[in-house]
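Here the structure comes first, spelled out in structure tokens, and everything after it is commentary.
The values are calculated or read from the model by the stated rules, or taken from the named source; none is laboratory data. Just so you know, these numbers come straight off a predicted model, no measurement behind them. Because the Cβ atoms are built from the backbone with ideal geometry, glycine has one as well, and the counts that use them run over all protein chains shown. All accessible areas refer to the heavy atoms of the entire protein, side chains included, with ligands and DNA or RNA removed. Shrake-Rupley method; radii C 1.70, N 1.55, O 1.52, S 1.80 Å.
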Amino acid sequence: MSLKSGGLMIRVVFNQKGGVGKSTIACNLAAVAASRGKQVLVVDLDSQCNASQYLSGSSGVPNTGIADFFKDHLYVSFFPSKNFESVIHATPFDGLFLAAASPDLEEMGPKLESRYKMFKLKEALRRLEGFDEIYVDTPPALNFFSRSALIAADACLVPFDCDTFSQYALQTLARGIEEIRADHNESLHIEGVVINHFQARASFPAKAVAMVKEEGYPVFPAYISSSIKIRESHFAGQPMVYFDPKHKLSQEFEALYCCLS
């Protein structure tokens, strides 16, 4: 794997359909990167806080997080804004850091959008030093926070969970990304579709993946299987590479990470 020219690589994990594994994929890819010696940041923009809870473990979600950053930029102030570094916290895993979400994000979104603050995240992330990779977890909607993430990102990873509704959502998502690319971020592109919850012994998942490929979407060759083990990983607050490094899922996330360009 190689980073883009200039060093820092920012990836957003996004799909407007819920339940496709955005948080799981973001956290596990970030964990694989950190386990290989990278300095990695996960930014959680989803008010459900799944990624934040997953990476915080028994220590609990930090009291300060991304909502504090946006709150500080909501109104014009004569006082200097806080550095983004102030909302970044270490996780229990070496090299892996977190800008945590909170439920406050949900009511802040419309206020931030009305004041056109969608470029604040990009400005903050591009000023960060010391990180090799950033993964941004997003809510399941093309709202203020997911738009901010897509404007800030170099690439988008799209989870796909092998059903008909996911296929429809993928078409809508592609149009939204193209609009943001054309208007705000010309370097943005879909780096790849991540096949998640894949059941190799069932016929429909293979057919669904084939249809996605036929429509011309880039599909990563490494699929993530459906397994109860990932729920155990969530409960333990440990991404798979730490929870059970020899498990098939851990190997699949390692293989997926190797597919990233």
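In table form, for the structure just shown:
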quantity: Per-pair calculated FRET efficiency, R0 = 35 Å: Arg36 and Ser187 via Cβ, rounded to 0.05; calculated: 0.90
quantity: Per residue accessible area of segment 185-261, 1.4 Å probe, in Å²; calculated: 54 Å²
quantity: Label-zone membership for segment 146-170, site Ala210, 7 angstrom Cα→C-beta point, backbone N under 16 Å; calculated: 162-164
quantity: Nearby aspartates and glutamates by direct alpha-carbon distance to Lys22 (threshold 19 angstrom, same-chain neighbours under 8 apart not counted); calculated: Asp44, Asp46, Glu106, Glu133, Asp137, Asp154, Asp161, Asp163, Glu191, Glu232, Glu252, Glu254
quantity: Accessible surface of Cys258 - all protein chains present, 1.4 Å probe, nearest 10 Å²; calculated: 80 Å²
quantity: Evaluated over segment 166-212, the Cα radius of gyration and Dmax, each in Å; calculated: 13.6, 43
quantity: Mean residue ellipticity (222 nm) of the chain, computed from DSSP H runs ≥ 4 via -39,500 (n - 2.57), nearest 500; calculated: -12500 deg cm²/dmol
quantity: Cα-based shape type of segment 133-261, given that a ≥ b ≥ c are square roots of the gyration tensor eigenvalues and the cut on a/c is 1.5; calculated: oblate
quantity: Those lysines that a straight Cα-Cα span of less than 18 Å connects to Lys38, excepting residues fewer than 8 apart in one chain; calculated: Lys4
quantity: Principal axis box of the chain, alpha-carbon based, largest edge first, Å; calculated: 61, 39, 35
quantity: Residue-normalised accessible area of segment 73-154, expressed per residue, 1.4 Å probe, Å²; calculated: 50 Å²
quantity: Protection proxy ranking of 130-136, 216-222 - average other beta-carbon atoms within 10 Å, highest first; calculated: 130-136, 216-222
quantity: Anchor Lys117: lysines whose Cα lies under 19 Å away (excluding residues fewer than 8 positions away in-chain); calculated: Lys71, Lys82
quantity: With Cα atoms, 0 to 90° folded angle of helix 105-114 axis to the chain main axis; calculated: 60 degrees
quantity: P(r) weight above 15 Å for segment 49-135, C-alpha pairs, percent; calculated: 61 percent
quantity: Apportionment of accessible area to carbon and sulfur, the chain, percent (1.4 Å); calculated: 51 percent
quantity: Gain on full stretching of the segment that runs from Ser114 to Glu129 - 0.36 nm per residue minus C-alpha separation; calculated: 2.4 nm
quantity: Distance between modelled label sites at Ala255 and Ala236, nm, 7 Å Cα→Cβ extension; calculated: 2.1 nm
quantity: Residues with amide H under 5 Å from that of Ser102, placed H, sequence gap 5 or more; calculated: Ala67
